[in-house]
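Laboratory data are not the source of any read-out in this text; all were calculated from the coordinates shown. Everything quoted here is computed from the prediction, not taken from an experiment. Don't worry about glycine lacking a Cβ; one is built from the backbone with ideal geometry, like all the others, and counts go over all protein chains shown.
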Amino acid sequence: MLQGIDVSNWQGSVDWSGHAEAGVAFAFAKATEGGDWTDKWFARNWNGMRESWLVCGAYHFARPKGDPVQHARHFLATIRSAGGLRRGDLIALDLETGDGLRPEQVARYARRWCSHVERLTGVRPFIYTFRSFADSGHCAGLGEHPLWIAGPEHARGRPAVPRPWNDWTIHQYAQSPVDRNVFHGTRKDLTKLGFHPR
């Protein structure tokens, strides 16, 4: 299994070369939240991952009350301004709050966000979520997307898989001092799920 981490502005400056030397092979960095917030560390993280030869991933923190298409455009513009997508780069939607909406409204937001991103990039986004949120119906219709499951209560590589998925792709198994993940496959398998220039 490949080792990975994920980071956001909460981590501040990240020692990417140190993580790479310690065996980290892939990472996700928070890019945006909602329709106008940008992680001030994203560009530095995006380029730091790339310079350390990690498989690069960017994620958007979903705020389902907003316009999913506008949020998707904001996310993609943020990646572009940090240097853009290259072969094998990954995209994820962090789906963990309903913003007070009903589960079916949250799921509709997520499906629209994903379909807009996939149409413009050719990349099918990962869905990052946790079991009880998914089991409540917030992820309906997303079962064809690779699942990035937050399950620190489960042994590494042995998470519980919520519906609508049959299997997991990435397991976030620890959240301290940094979020740690494993991917079930090789680097080549992982980059196949990423960006491929047309």
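Of the peptides 17-24, 129-136, 157-164, 108-115, the ranking by mean beta-carbon count within 10 Å, highest at the top, reads 108-115, 129-136, 157-164, 17-24.
The simple spin-label model puts a point 7 Å past each Cα toward its Cβ; for ARG124 and LYS188 those points are separated by 2.0 nm. Here r is the Cβ-Cβ distance between ASN47 and ARG158 and R0 is 41 Å; the resulting FRET efficiency, rounded to 0.05, is 0.75. Calculated from the alpha-carbon coordinates, region 2-193 shows an Rg and a Dmax of 15.3, 44 Å respectively. In region 45-155, the ratio of gyration radius to Kirkwood radius, Rg to Rh, stands at 0.98 when only Cα atoms are counted. Per-residue extension of 0.36 nm, minus the Cα-Cα distance of ASP15 and SER176, leaves a gain of 56.4 nm for this segment. Residues whose amide H lies under 5 Å from that of ASP179, counting only those 5 or more places away or on a different chain, are ASP6; hydrogens are built 1.01 Å from N in the peptide plane. In region 2-193, a dipole from Cβ-located charges (positive for Lys and Arg, negative for Asp and Glu) runs towards its positive end, and of ASN181, LEU85, ALA29 it is LEU85 whose Cα lies farthest in that direction. Peptides 37-49, 80-92, 186-198 ranked from most to least packed, by the mean per-residue count of other Cβ atoms within 10 Å: 37-49, 80-92, 186-198.
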